[in-house]
């Protein structure tokens with residue numbers, strides 16, 4: 001009887017610890033993913049990410065600061081192609097998810113709608129052709145380096161698909177906090193802020209009517 005009570009107490013303790021553990025942030029079920037899907041996330045990178053969030057947010061769309069594309073799904077292993085700090089490279093979904101800020105979904109996935117979904121094999125080939133290209137930390141067009149959303153837009157533009165067109169880049173209103181962040185950033189590199197230059201951003205892509213957003217676990221959507 002005593003051993004039984006000890007076992008019950010231990011079970012209660014472990015159950016309580018599990019209940020108090022930090023819950024996993026909501027995310028799109030990786031089992032729903034397939035090649036060509038776009039995976040968005042809200043990064044942790046201090047003032048720069050917050051400046052991106054503020055300057056590029058779109059009403060009615062979750063705020064994001066990074067996007068990658070699913071290349072392969074092999075059981076629970078999901079491989080994506082992205083333009084990130086090490087350049088255009090492959091990344092595993094688990095590694096990508098670890099960068100998320102933690103105050104929202106670990107990631108949000110969206111899928112190309114018809115008729116553009118038929119172009120996924122060609123889209124992926126264009127992305128693979130850019131593997132090894134450098135990352136563009138200055139968000140400039142046509143310099144043979146890429147930032148995340150530019151990689152996706154450029155790959156589709158190579159196929160003649162203009163669903164993610166270049167728009168005038170916005171780094172914030174004059175005198176705003178976010179513009180101040182970017183002015184300081186570019187000043188360190190002795191460059192002007194490329195306000196108004198042609199470019200793209202992840203929020204622009206996520207808001208596109210050419211994408212179907214996949215449900216997020218636990219959201220009821």
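Within the range 138-165, count every residue that is within 16 Å of residue 202 (Cβ to Cβ) and either in a helix (DSSP H, G or I) or modelled with pLDDT of 95 or more (or both).
14
When residue 116 is evaluated against the numbered criteria (1) more than 14 Å from the chain's Cα centre (by Cα); (2) buried (at least 21 other Cβ atoms within 10 Å of the Cβ), which criterion, by number, is the only one it fails?
Answer for residue 116: the failing condition is (2).
Output the residues belonging to the range 167-199 that are free of Cβ contacts under 8 Å to residues at least 40 places away in the same chain, within 13 Å of residue 52 (Cα to Cα) and under 20 Å from the mean Cα position of the chain (by Cα).
169 - this is the single residue of the range 167-199 that is free of Cβ contacts under 8 Å to residues at least 40 places away in the same chain, within 13 Å of residue 52 (Cα to Cα) and under 20 Å from the mean Cα position of the chain (by Cα).
Restricting to the range 123-155, what's the tally of residues that are surrounded by 13 or more Cβ atoms within 10 Å (Cβ to Cβ), out of contact with any strand residue (DSSP E or B) (no Cβ under 9 Å at 6 or more places or on another chain) and over 17 Å from residue 90 (Cα atoms)?
The number of residues fulfilling the criteria is 1.
For the range 171-187, does any single residue satisfy the condition of being in contact with a strand residue (DSSP E or B) (Cβ under 6 Å, 6 or more places away or on another chain) and either surrounded by 15 or more Cβ atoms within 10 Å (Cβ to Cβ) or over 20 Å from residue 107 (Cα atoms) (or both)?
There is no residue in the range 171-187 that is in contact with a strand residue (DSSP E or B) (Cβ under 6 Å, 6 or more places away or on another chain) and either surrounded by 15 or more Cβ atoms within 10 Å (Cβ to Cβ) or over 20 Å from residue 107 (Cα atoms) (or both).
Working only within the range 63-88, note down all residues that are in contact with a strand residue (DSSP E or B) (Cβ under 9 Å, 6 or more places away or on another chain), surrounded by fewer than 16 Cβ atoms within 10 Å (Cβ to Cβ) and in contact (Cβ under 8 Å) with a residue 24 or more places away in the chain.
If the condition is that a residue be in contact with a strand residue (DSSP E or B) (Cβ under 9 Å, 6 or more places away or on another chain), surrounded by fewer than 16 Cβ atoms within 10 Å (Cβ to Cβ) and in contact (Cβ under 8 Å) with a residue 24 or more places away in the chain, then 72, 85, 86 are the ones that fit.
Considering only the range 198-212, state which residues are touching a helix residue (DSSP H, G or I) at 6+ places or on another chain (Cβ under 6 Å) and either at positive phi or not in a loop (DSSP other than H, G, I, E, B) (or both).
Those that are touching a helix residue (DSSP H, G or I) at 6+ places or on another chain (Cβ under 6 Å) and either at positive phi or not in a loop (DSSP other than H, G, I, E, B) (or both): 202, 203, 205.
From the list 221, 213, which one is surrounded by 12 or more Cβ atoms within 10 Å (Cβ to Cβ), modelled with pLDDT under 95 and in contact with a strand residue (DSSP E or B) (Cβ under 9 Å, 6 or more places away or on another chain)?
The unique qualifying residue is 213.
The values are calculated or read from the model by the stated rules, or taken from the named source; none is laboratory data. Note that this is a predicted model, so its numbers are computed, not measured. Cβ sites come from the backbone with ideal geometry, for glycine too, and all protein chains shown count toward neighbours.
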